Amino acid sequence: MELYKQSEDISVIGIRVNSFPQGIMEAFDGLMKTLGRDRAYYGVSWMDENNNVEYYAMARETIPDEGQKYVYERLIIEKGDYETEALYNWRSKTDHIRDIFHDLMGNSKPDKSRPCIEWYQTDEKMLCMIRAL
């Protein structure tokens, strides 16, 4: 585990994946078709009050209010310190993501104020992030 300092708030836009986890790939494919591949992509998730996962496929907003044009949800990845772990060859290891986040969270559970963040840095490298306490 490494500590990563996010130096600025990041505005992200995208859609909620209602059929988690089956609908994740389809949601990202749709975002990339609309927004292009040349921007940062993120998965943002937390547990709701009924302990169900709320998962959002998101892309970095490059123009102010860009999300309104496509009727996308908007979230903020807050600046601050994040505990992280990199996952290489993530496409073939998606079953490891849950375990990595369990290790990063310890005994806590993710909520909207401290979500699990998947930062898809390349086609090979994903950074799993959770805000440090």
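Throughout, read-outs are computed from the coordinates displayed, never taken from laboratory work. The shown structure was predicted, so the numbers you read here are calculated from the model rather than taken from an experiment. In this analysis, Cβ positions are derived from the backbone assuming ideal geometry, glycine residues included, and neighbour counts consider all displayed protein chains.
Coupling constants for segment 102-113 follow from the phi torsions by the Karplus curve (6.51 cos²θ - 1.76 cosθ + 1.60, θ = phi - 60°), and in residue order they are 4, 5, 5, 7, x, 8, 8, 10, x, 10, 4, 7 Hz; glycine and proline get x. The 3J(HN,Hα) values that the Karplus relation (6.51, -1.76, 1.60; θ = phi - 60°) gives for segment 43-48 are, in residue order, x, 10, 9, 7, 9, 7 Hz. Gly and Pro appear as x. When the pairs 69/125; 5/69; 5/33; 79/125 are compared against a 28 Å limit on Cα-Cα distance, 69/125; 5/69; 5/33 fall above it. In segment 2-131, Rg over Rh equals 0.93, where Rg is the alpha-carbon radius of gyration and Rh the Kirkwood radius from pairwise Cα distances. Please give the helix 24-35 orientation as an angle from the longest Cα principal axis of the chain, in degrees from 0 to 90, rounded to the nearest 10. Once rounded, one gets 40 degrees. Close amide H contacts of residue 40 (hydrogens built in the peptide plane, cut-off under 5 Å, sequence separation of 5 or more or a different chain): 60. Choose one answer from 34, 122, 84: the residue with the largest mean-square fluctuation in a GNM of the chain with alpha-carbon springs under 10 Å. Comparing 34, 122, 84 in a Gaussian network model of the chain, the most mobile one is 34.
Only sites in a loop by DSSP and with at most 14 other Cβ atoms within 10 Å count here; which trypsin sites (Lys or Arg not before Pro) in segment 72-113 make the cut?
Working: sites: 74, 79, 91, 93, 98, 112; in loops: 79, 93, 112.
Sites meeting the loop and neighbour criteria: 79, 93, 112.
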